[in-house]
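The values are calculated or read from the model by the stated rules, or taken from the named source; none is laboratory data. Source: prediction; values computed, not measured. Cβ atoms come from the backbone with ideal geometry, glycine included; neighbour counts cover every protein chain shown.
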Amino acid sequence: MIEIRNVYKSFGSTEVLKDVSLTVPPSRTTVVIGPSGSGKSTLLRCCNCLEIADRGEIRINHRTIIADGKPLPDKELNALRAETGMVFQSFNLFPHMTTVENVMRAPVVVRGMAKAEARELAMGLLRKVGLDDKADVYPSTLSGGQKQRAAIARALAMKPKVMLFDEPTSALDPELVGEVLQVMKTLAEEGMTMMVVTHEMGFAREVADTVVVMADGRIVESGSPEQIFTNPVQERTRGFLRALVDGHLAGARPQPVADDPLDTLPGNH
Amino acid sequence: MTLDFAPVWGGLPELLKGTVVTIEVTAAAFLLSAVLGLLVGIIRLNPARRVLYGIASAYVAFIRGTPLLVQLFLLFFGLPQFGILLPAMLCGVIGLGIYSGSYVSEVVRGAIQSIDRGQMEAARSLGMSYREAMWEVVLPQAFRRMLPPLGNETIALIKNSALVSLLTIDDVMREGQRIISTSFRALEVYIAVALIYFVLTNAATWILRQLEKRLTVERG
């Protein structure tokens, strides 16, 4: 579980997070939505100290990872990060390693796992995300959707207790979004604790246990998907959702708010 | 005026012996400069470590801002005043290595900084320490980008090594001068010496290019 308490963060003179508090309960999926620049990605990155929160406290599985601008000492921080999977918008696969090496490298380096064992683990995870046939190719030959699925497998190889997703489908061609969301949905169903920053309203609606709306560095509203999408209380939330629908109607945003992209998937991976 | 290459042919064994010394000096200096360049380049990535960063920056500024010949003479003629009497060969290798290392460090730093930040972040997010992430993820990628500029540095190093002849090291340059002092055929001998350097620099370039090619092919 993730507990965020009164977190502040500034970049220079720009206040990006202003007194944000949020709890991501265990085995639940919390989806954070909101306009660009609302601070949602920064909030997510603060959760494994890729950004250092200036004030406040963040706890992962009851252990403080950062309090009042002071992160854990390096060694403990590394250990905690190993248990906190992170998936990036731009995949960040290691281009000099094959797909399976990408997945098995961290268990070997960080956990000291034997290579054969790590390879077996990695192959199992690649099978899970439908990429076992791509194990021995380099990431440059993969499609965007395949890259992101490989990146998810890489994060899972560390057997994380919490998964953070930073706009995992925003860099993908629209037709590749579904395959990544399907993998994430499976994870959620298996009881993974997930915090997902996304613009995929269909995913938020179907998979999220809680939807959190951020704007201007604050959480303006949070609740069940039904509540947020059908009966939002805050004007900011309504404005944001309206803008999404308008954008969609204008063709600017290919993901529909009403329809679920998961429905169009050709079966399970 | 006629050219007479007879002294060159006659002195060929000495010239080749000198060439071997040149290769030895250059290779040893290359290793030193690689180690030094890697360390200093990585240290200079992080100004937050003030003392180390300060020392590394002063090193780069001083070495790049003064002539190699002066540095070599400081080692060879200057240090004995402190009772430190290093063999000529050691002075040559250390001097060349330190000099080249300052340039290599900038190559290393530039190559590392050109690697997308997300690579380091992804490695750290998996629990790798800074050192592990650097070694496993960033440096292997940066290494490939270092090769072309490193080729230039290697060429400069080979050519600069001619200066160690002034430290009484019997490299190809000094062997050439020795032949001239008895034959007085400066033009012919220096042409031969220049040709030898030409072959050495191009051989080094070729080797580095093969390495670069292999790394490219390996990644599909």
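Scan the range A:153-169 residue by residue and report those that are over 12 Å from the mean Cα position of the chain (by Cα), within 9 Å of another protein chain (Cβ to nearest Cβ) and surrounded by 24 or more Cβ atoms within 10 Å (Cβ to Cβ).
A:R154, A:A157
Filter the range B:136-152 down to the residues that are surrounded by 21 or more Cβ atoms within 10 Å (Cβ to Cβ) and under 27 Å from B:L72 (Cα atoms) and list them by number.
Result: B:M146, B:L150.
Would you be able to tell me the number of residues in the range A:31-51 that are farther than 15 Å from A:V220 by Cβ and in contact (Cβ under 8 Å) with a residue 60 or more places away in the chain?
Looking only at that region, the number is 5.
Which condition from (1) free of Cβ contacts under 8 Å to residues at least 40 places away in the same chain; (2) assigned to a loop (DSSP other than H, G, I, E, B); (3) within 26 Å of A:D173 (Cβ to Cβ) is the one that A:V100 breaks?
Of everything listed in (1) free of Cβ contacts under 8 Å to residues at least 40 places away in the same chain; (2) assigned to a loop (DSSP other than H, G, I, E, B); (3) within 26 Å of A:D173 (Cβ to Cβ), A:V100 misses just condition (2).
Looking only at residues that are modelled with pLDDT under 95 and either within 14 Å of another protein chain (Cβ to nearest Cβ) or exposed (fewer than 12 other Cβ atoms within 10 Å of the Cβ) (or both) in the range B:188-211, which one is nearest to the chain's Cα centre (by Cα)?
Going through the qualifying residues, I end up with B:W206.
Could you tell me which of the residues A:T84, A:T42, A:T64 is more than 20 Å from B:M128 (Cβ to Cβ), within 14 Å of chain B (Cβ to nearest Cβ) and among the hydroxyl-bearing types (S, T, Y)?
It is A:T42.
Please verify whether the range A:103-122 includes one or more residues that are within 28 Å of A:E226 (Cα to Cα), of a type outside the set (A, V, I, L, M) and not in a strand (DSSP E or B).
No.
Within the range B:63-76, count every residue that is surrounded by 12 or more Cβ atoms within 10 Å (Cβ to Cβ) and either of a type in the set (A, V, I, L, M, F, W, C) or more than 13 Å from B:I98 (Cβ to Cβ) (or both).
So the count comes out to 8.
Does A:A135 satisfy the condition of being free of Cβ contacts under 8 Å to residues at least 60 places away in the same chain, within 14 Å of chain B (Cβ to nearest Cβ) and surrounded by 22 or more Cβ atoms within 10 Å (Cβ to Cβ)?
Considered against the rule, which asks whether it is free of Cβ contacts under 8 Å to residues at least 60 places away in the same chain, within 14 Å of chain B (Cβ to nearest Cβ) and surrounded by 22 or more Cβ atoms within 10 Å (Cβ to Cβ), A:A135 comes out as no.
Any chance you could count how many residues in the range B:104-146 are under 23 Å from A:N102 (Cβ atoms) and within 20 Å of the chain's Cα centre (by Cα)?
8
Could you give me the residue pairs with C-beta distances under 7 Å whose first residue belongs to the range A:57-83 and is in contact (Cβ under 8 Å) with a residue 24 or more places away in the chain, whose second residue is polar (S, T, N, Q) wherever it lies, and which are 6+ apart or on separate chains?
A:E57/A:T64; A:I60/A:T84; A:N78/B:S129; A:R81/A:N48; A:R81/B:S125
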